[in-house]
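Quick notes on the structure that follows.
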Amino acid sequence: MWCRRLVGLLEMPGWLRGSSGRCPPWLPHHRRTTLAAAAHWHHTAPESLKCAWQLHGDHLELRYRDTLMRFDFVWLRDHCRSASCYNTKTNQRSLDTASVGLDIKPQAVRVDETTLFLTWPDGHVTRYGLEWLVKNSYEGQKQQVMHPRILWNAQIYHQAQVPSVDCQSFLKTDEGLKEFLQSFLLYGIAFVENVAPTKEDTEILAKRVSLIRETIYGRMWYFTSDFSRGDTAYTKLALDRHTDTTYFQEPCGIQVFHCLKHEGTGGRTLLVDGFYAAEQVLRQAPEQFELLSKVPLKHEYVENVGGCHNHMIGVGPVLNVYPWNNELYLIRYNNYDRAVINTVPYDVVHRWYAAHRTLTTELRRPENELWVKLKPGKALFVDNWRVLHGREAFTGYRQLCGCYLTRDDVLNTARLLGLQA
């Protein structure tokens, strides 16, 4: 699992740690109390430690198997799944949360081997499966991963021998599409072979998995070294690893590349798993990982070429994580488009530069670089929230086409095929 926890573990009661405050499990039910407080730990059976619970002034503490959980009383009333509180046909809440008193407390609590029962002052009974509580508690979520992935460097990716999908299988069969999406979800990149080298056929390919996102570059774009746009990408120069559209409030989720023609040398595409590099930072310097996940930066796109006049600003940290488990879900890394750092004081800026240097060092390690020669007929899909791309300098005429896809639509296509996304 990639995400090491930066936050400390919740403090366990003394008796769970084996301290002098421990209440022996063999004591009769009515004598089970902690020595430090009058609150009682209740068990599902006198001889069982599988589940135990304890009431406090504003919350219920529940230990089930190896997870110690704490539940606010309002939370327990709000999430009731009874017929009057929750519509199981639509999976929507029916209870008016604002009608629940903030000082509510259960009148009675009972736990058997599988279920927690709560009786409220008005007589309403709420039932929770213990497994459901483990899955949906804060403590349980800290132990889970939202998006299963395989982090990779060049060696790991080559050894995995991830297959490309044939264009006809991709377009015409659910099996081919599912195989493609599974590779994409796990590795953040996926290839489709034997695609006709035209913009029209590339568009058909893209529409198979998602709506095409409209941007300042249009829907489908051609990509040559004519400097028709105010961007280094429209030259023959090498491009360092980066993610695209960092200057959007929400960077584009997926990018499609298809090389239609190249008459010359060079021009290989560079791919780097940003999450793999960030994992190395997390292991080596967790305080720098935390800084990169909290300091907000501006990225901007300023263009005044021909009839194109744009000034776009996107704001966000380099590393975007779920705060409850520090699982990374988006990396916003583009040294070309990073704007003036004016969002944090000077003493934080210097520490940020050190953290950025650590991450950049990982991103630039040769062993983390996957080089691919894109040729006509081979389309590449890149998770722009995870995988950085770049290219080496080239000579001659080189034309690519591509587009950006809406992330939610790609993930929904995967879910419809039974994949976890």
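The values are calculated or read from the model by the stated rules, or taken from the named source; none is laboratory data. The structure presented is a predicted model; accordingly, all values stated were derived computationally and were not measured. Cβ coordinates were reconstructed from backbone atoms using ideal geometry, including for glycine residues, and neighbour counts include every protein chain displayed. The area values use the complete protein model at the heavy-atom level, side chains included, leaving out ligands, DNA and RNA. Shrake-Rupley method; radii C 1.70, N 1.55, O 1.52, S 1.80 Å.
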- Query: With axes computed from alpha carbons, what is the tilt in degrees of helix 274-284 against the longest principal axis of the chain, rounded to the nearest 10 within 0 to 90?
  - Reply: 50
- Of the accessible area of the stretch 154-417, computed with a 1.4 Å probe and all protein chains kept, carbon and sulfur make up a percent value of 52
- Using R₀ = 22 Å, calculate the FRET efficiency as 1/(1 + (r/R₀)^6) where r is the Cβ-Cβ separation of residue 237 and residue 348; round to 0.05. 0.10
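Strictly greater than 33 Å: what percent of every Cα pair in the chain meets that? Write out the running numbers ahead of the final one.
Working: 43004 of 88410 pairs.
Across the chain, Cα pairs with separations above 33 Å total 49 percent.
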- Message: Modelling each spin label as a point 7 Å along the Cα-to-Cβ direction, I'd like the residue 249/residue 114 distance in nm, to one decimal.
- Response: 4.7
- Query: Just from its helices, what would the mean residue ellipticity at 222 nm be for the chain, if runs of 4 or more DSSP H residues each count -39500 (n - 2.57) and the sum is divided by every residue, rounded to the nearest 500 deg cm²/dmol?
  - Reply: -7000 deg cm²/dmol
- Query: Using a Förster distance of 22 Å, how high is the FRET efficiency between residue 222 and residue 302, based on the Cβ-Cβ distance and rounded to 0.05?
  - Reply: 0.50
- Stretch gain in nm, segment residue 320-residue 145, where the contour uses 0.36 nm per residue and the Cα spacing is subtracted: 61.5 nm
- Looking at the chain, send over the antiparallel percent of its DSSP beta bridges, to the nearest 5. 95
- When the chain is treated as a Gaussian network with springs between alpha carbons less than 10 Å apart, the largest mean-square fluctuation among 99, 183, 210 is found at 99
- Note on the structure: Simple SL model, points at 7 angstrom along Cα→Cβ for residue 335 and residue 364; separation in nm is 0.5
- Message: Can you give me the accessible area per residue for the stretch 51-143, using a 1.4 Å probe, in Å²?
- Response: 53
- Note on the structure: Each label sits 7 Å from Cα toward the beta-carbon; between residue 94 and residue 392 the label points are separated, in nm, by 6.5
- Paramagnetic reach from residue 124 (point 7 Å along Cα→Cβ, amide N under 18 Å) across the stretch 67-84: 72-84
- Item | Highest-MSF residue in the chain out of 139, 367, 290 [GNM, Cα springs under 10 Å] | 367
- Task: Please build a GNM for the chain, connecting alpha carbons under 10 Å apart, and tell me which residue among 171, 95, 297 fluctuates the most.
- Result: 95
- Mean-position separation - Cα centroids, the stretch 153-172 and the stretch 235-268, in angstrom: 20
- Message: Angle check, please: helix 346-363 long axis (alpha carbons) against the longest principal axis of the chain (alpha carbons), in degrees 0 to 90, nearest 10.
- Response: 70
- Work out the FRET efficiency for residue 309 and residue 135 from their Cβ-Cβ distance, taking R0 = 56 Å, and round it to the nearest 0.05. 0.65
